[in-house]
Amino acid sequence: MRDNRIPLWTAMALSCLLSCDLNDKTTLNYSIENQTGVPVEIRSFDRGRDGTIYDGPKYIHLKNGEKLTRTERMTMRAADGYDFTNFYGGGVKKHQTIEVIFNKAKKSVFIAEYQLGFNPGDSCRNAYYETVLCTYRNPLTMHVHTVDRDTFIFTEEDYQNAQDCQGNCE
């Protein structure tokens, strides 16, 4: 006599296909806020190791106290790889370098980096494959800023620590 029951594995697979939304989307909210006391201009771009700019620059201008939020709806798979490099690149493109210009008088340059180990104090590797000390005040530090919702606040301390460019930060 033939067994007409559906094998257990077939039933489980069918159940998952019927109940799982393969296009399940998640909402990501990333924000930057200027609390430096001065206006800032942020220039972002994707630059190769040789200095060639492949995409950009893109510009963001923030007055003191201003906040910019970008909301992305992405599939769960794509969301696993979203971070501030996407934010500055406008979504899908990753901009791995930003220049933050404070009131046209001071400038900081940030390069995307990720931690090589799992312990505090481990080194990082930047987007140009150079081993560097991890910088937790870097908005492009991927092991710190890779959640569904994040805000990076540029502070007065960031302004004070920026390089003076004698008013010529162009």
Would you rank Asp50, Asp122 by solvent-accessible area, highest first, keeping every protein chain in place and using a 1.4 Å probe? Asp50, Asp122
Förster radius 35 Å - calculated FRET efficiency between Glu99 and Thr71 (Cβ-Cβ, nearest 0.05): 0.90
Taking all protein chains together and a probe of 1.4 Å, list Arg149, Arg70 from the most accessible to the least accessible. Arg149, Arg70
Length released on extending from Lys25 to Thr155, taking residue separation times 0.36 nm less the Cα-Cα span: 43.5 nm
Neighbour net charge for Thr155 - beta-carbon separation under 12 angstrom, K R +1, D E -1: -3
Suppose R0 equals 45 Å; then what is the FRET efficiency for Thr131 and Lys63 from their Cβ-Cβ distance, rounded to the nearest 0.05? 0.75
Total formal charge among the other residues, if their Cβ is under 14 angstrom from that of Thr135, Lys/Arg +1 and Asp/Glu -1: -3
At a probe radius of 1.4 Å, what is the per-residue accessible area of Val109, in Å² to the nearest 10? 80
Which net charge results for the neighbourhood of Leu62, defined as the other residues with beta-carbon distances under 12 angstrom from its beta-carbon, given Lys and Arg at +1 and Asp and Glu at -1? -1
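The values are calculated or read from the model by the stated rules, or taken from the named source; none is laboratory data. Small disclaimer: the values here were computed from a predicted structure and weren't measured. Quick reminder, even Gly has a Cβ in these numbers, built from the backbone with ideal geometry, and neighbours come from all protein chains shown. Accessible surface is based on the protein model in full, side chains and every heavy atom, while ligands, DNA and RNA are left aside. Shrake-Rupley method; radii C 1.70, N 1.55, O 1.52, S 1.80 Å.
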